[in-house]
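Asks: Take a look at the following structure, please.
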Amino acid sequence: MLVANRLPFRRIDAGTETTWIPSPGGLVSALAPSMADTGRLAWVGWAGDIDEGTTPGTVLSAEVVVDGATLYPVPIDAEEKRLHYDGMSNGTLWPLYHDKISPPEFHRRWYDGYRRVNQRFAEAAATVAAPDSIVWVHDYQLQLVPGMVRELRPDLRIGYFLHIPFPPEELFVQLPWRQTLTAGILGSDLVGFQTPDGAANFSRLAAALGLAARHNKSTLELESGRRVQVRAFPIGIDSERYDEGARSHQVTDATRDLRARLGQPHIVLLGVDRLDYTKGIDVRLRAFKELLADGRLHPSQVTMVQVAEPSRDAVDAYVSLRGQVEQLVSEINGDFGRVGFPVVHYVHRSQSHESLLSLYRAADVMLVTPFRDGMNLVAKEYVATRYDETGMLVLSEFAGAAHQLKSAVLVNPYDIEGVKNAIVEAVEMAPDEVRRRMRSMRRAVKKNDAAAWARSFLDSMPAQAQPALG
Ligand code: F6P
């Protein structure tokens with residue numbers, strides 16, 4: 001059973017009718033396909049809406065089956081969303097874990113709300129998990145859940161995977177709740193991170209906080225004698241779905257139409273991100289603007305498309321980022337566009353899978369420039385659609401994906417000259433070199449796909465529950 005903040009589908013209530021639409025986010029797209037074939041997928045999570053009508057003490061709304069997955073929605077009211085999701089998850093933990101790119105805020109009320117919501121998720125999971133089964137908890141919104149589930153159901157085996165970076169000890173210890181948040185994760189039998197650095201940071205922290213009596217390469221031994229395995233499991237995508245979809249006639253036709261609508265530019269640059277300050281959307285826009293101003297790229301030949309999916313719009317930092325990005329887009333178009341021919345095409349809406357595929361296929365150069373990113377699945381999705389081994393990826397060194405996609409043009413997003421040079425290098429790269437690099441990236445994406453990732457995590461779970469040692 002999976003426990004994640006978001007269910008793979010979002011509930012839309014329109015009067016008497018309820019529909020479920022796919023949820024945003026990498027977690028969902030990585031997990032849904034790989035888990036679906038391991039039997040009936042069961043998922044405890046938030047339906048993405050506000051539930052004000054639930055009787056106090058209710059931990060689950062009615063279960064529902066959508067596309068073969070059994071969903072167990074955990075009711076969340078408006079105040080809980082404000083404290084748990086907007087507050088502690090995305091106003092404290094998210095910025096802290098991403099190198100404090102935006103300053104994290106520490107509020108006791110946020111933490112209290114976070115603890116209450118985590119307790120509800122844990123009770124929901126404990127209510128529906130089959131005896132002796134595996135409960136796999138996901139991500140920073142639910143760090144207390146493994147410990148809480150262990151208290152409630154010692155018969156279960158508990159896995160925890162963090163999809164975002166785990167920060168160095170010096171940053172983490174700023175949290176007033178560092179002890180309980182670490183102990184919460186240590187309720188697991190197996191803890192997974194995107195990179196070996198994340199795993200090492202966590203092991204060091206657990207020892208420094210006195211929560212692990214002993215630790216070696218990948219095992220922590222707690223005071224109680226219980227063991228917790230800690231390892232990197234870099235997440236993948238359902239690469240076959242992207243590869244096959246990209247080859248379809250519909251996508252081929254849509255790609256041709258798209259390039260025509262863009263005015264048949266010589267080169268299309270593309271960015272696809274949630275509108276998040278970690279993603280470095282502003283950096284690549286600034287780099288593009290300077291390249292046009294320097295005359296190293298020409299507006300008649302190069303067009304940029306930036307898709308910025310709406311995200312976390314109740315959090316101040318996201319509201320101000322939107323202003324900055326939109327200001328930059330309009331400056332570039334004002335300075336370098338012509339009537340009917342903007343140089344940056346900006347879309348602030350989420351895209352269907354099919355339109356994403358045609359965007360990836362239309363792009364000669366994909367720009368993925370986060371300041372810090374757990375993995376970045378967009379980079380892998382782009383590579384998976386390049387079945388003809390064309391197209392180049394400019395990728396931040398600080399994305400987890402850089403560990404697997406070493407043949408990309410790697411950049412430090414804090415070095416604007418470096419980003420400019422990387423874009424020009426990718427634009428001008430000789431076709432043979434592009435082919436060689438893309439072939440090697442495609443091998444990596446295919447080999448480490450979402451199914452392999454889920455299998456390797458689940459195969460590393462202990463065969464049976466450890467005795468109740470705490
Ligand atoms: O990968 C990090 C993550 O927060 C996931 O947990 C989530 O599915 C995705 O990004 C989208 O974020 P949100 O659920 O806040 O829209």
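Asks: Counting heavy atoms of the protein chains only and a 1.4 Å probe, report the per residue accessible area for region 239-447 as a whole number of Å².
Replies: Normalised by residue count, the accessible surface of region 239-447 is 43 Å².
Asks: Next question, about the same structure. Kindly state, to the nearest 0.05, the FRET efficiency for residue 108 paired with residue 221, given R0 = 30 Å and r defined as their beta-carbon distance.
Replies: Calculated value: 0.40.
Asks: Run through the DSSP bridge list for the chain and note the antiparallel percent, rounded to the nearest 5.
Replies: Expressed as a percentage, antiparallel bridges in the chain total about 25.
Asks: Which of the three applies to region 239-447, rounded, prolate or oblate, going by the alpha-carbon gyration tensor with a ≥ b ≥ c and a/c under 1.5 meaning rounded?
Replies: Rounded is the answer for region 239-447, as its axis ratio a/c remains below 1.5.
Asks: Ok, one more. Only sites in a loop by DSSP and with at most 14 other Cβ atoms within 10 Å count here; which trypsin sites (Lys or Arg not before Pro) in region 368-470 make the cut?
Replies: Taking region 368-470 and a limit of 14 other Cβ atoms within 10 Å, the loop trypsin sites (Lys or Arg not before Pro) found are 406.
Asks: Peptides 8-15, 270-277: what's the order by average Cβ count within 10 Å, highest mean first?
Replies: Going from most to least packed, we get 270-277, 8-15.
Asks: Which ³J(HN,Hα) values, rounded to whole Hz and listed in residue order, are derived for region 122-128 from phi using the Karplus coefficients 6.51, -1.76 and 1.60 in 6.51 cos²θ - 1.76 cosθ + 1.60 with θ = phi - 60°, glycine and proline given as x?
Replies: Listing the rounded values in order: 5, 5, 4, 5, 5, 6, 9 Hz.
Asks: In this model, which of 100/446; 289/446; 100/406; 279/447; 81/217; 81/289 are farther than 31 Å apart at the alpha-carbon?
Replies: The answer is 100/446; 289/446; 81/217; 81/289.
Asks: Hey, any idea what Rg/Rh is for the chain, computing Rh the Kirkwood way over Cα pairs?
Replies: 0.97
Asks: Using only helices, what value at 222 nm comes out for the chain when you add -39,500 (n - 2.57) per DSSP H run of length 4 or more and divide by the total residues, to the nearest 500 deg cm²/dmol?
Replies: Value at 222 nm, helices only, nearest 500: -12000 deg cm²/dmol.
Asks: At a 1.4 Å probe, what is the % contribution of carbon and sulfur to the accessible area of the chain?
Replies: The computed percentage sits at 49.
Asks: Would you be so kind as to identify which of 412, 61, 21 lies farthest towards the positive end of the dipole of the chain, taking Lys and Arg as +1 and Asp and Glu as -1 on Cβ and the Cα centre as origin?
Replies: About the Cα centre, the residue reaching furthest to the positive side is 412.
Asks: Can you compute the charge dipole magnitude of the chain about its Cα centre, using +1 on each Lys and Arg Cβ and -1 on each Asp and Glu Cβ, nothing else charged? Give it in debye, rounded to the nearest 20.
Replies: 860
Asks: Please work out the Cα center distance from region 302-371 to region 244-288, rounded to the nearest Å.
Replies: Region 302-371 and region 244-288 have Cα centres spaced 9 Å from each other.
Asks: Oh, and also: Explain nothing, just the number: dipole magnitude of region 239-447 about its Cα centre with +1 on each Lys and Arg Cβ and -1 on each Asp and Glu Cβ, in debye rounded to the nearest 20.
Replies: Here the size comes out at about 560 debye.
Asks: Going through region 176-269, which trypsin sites (Lys or Arg not before Pro) have at most 11 other Cβ atoms within 10 Å and a DSSP loop state?
Replies: 217
Asks: Among 424, 345, 378, pick out the residue whose Cα is farthest towards the positive end of the charge dipole of region 239-447, where Lys and Arg carry +1 and Asp and Glu carry -1 on C-beta, about the Cα centre.
Replies: The residue sitting most towards the positive pole is 378.
Asks: I'd like to know which of 467, 156, 245 lies farthest towards the positive end of the charge dipole of the chain, counting +1 on Cβ of Lys and Arg and -1 on Cβ of Asp and Glu.
Replies: Farthest along the dipole direction, towards plus: 467.
Asks: Among the chymotrypsin sites (Phe, Trp or Tyr not before Pro) within region 370-470, which fall in a DSSP loop and have no more than 16 other Cβ atoms within 10 Å of their own Cβ?
Replies: 387, 414
The values are calculated or read from the model by the stated rules, or taken from the named source; none is laboratory data. Bear in mind that the values here come from a model prediction, so they are computed numbers and not experimental data. In this analysis, Cβ positions are derived from the backbone assuming ideal geometry, glycine residues included, and neighbour counts consider all displayed protein chains. What goes into the accessible areas is simple: the full protein's heavy atoms, side chains included, and nothing from ligands, DNA or RNA. Shrake-Rupley method; radii C 1.70, N 1.55, O 1.52, S 1.80 Å.
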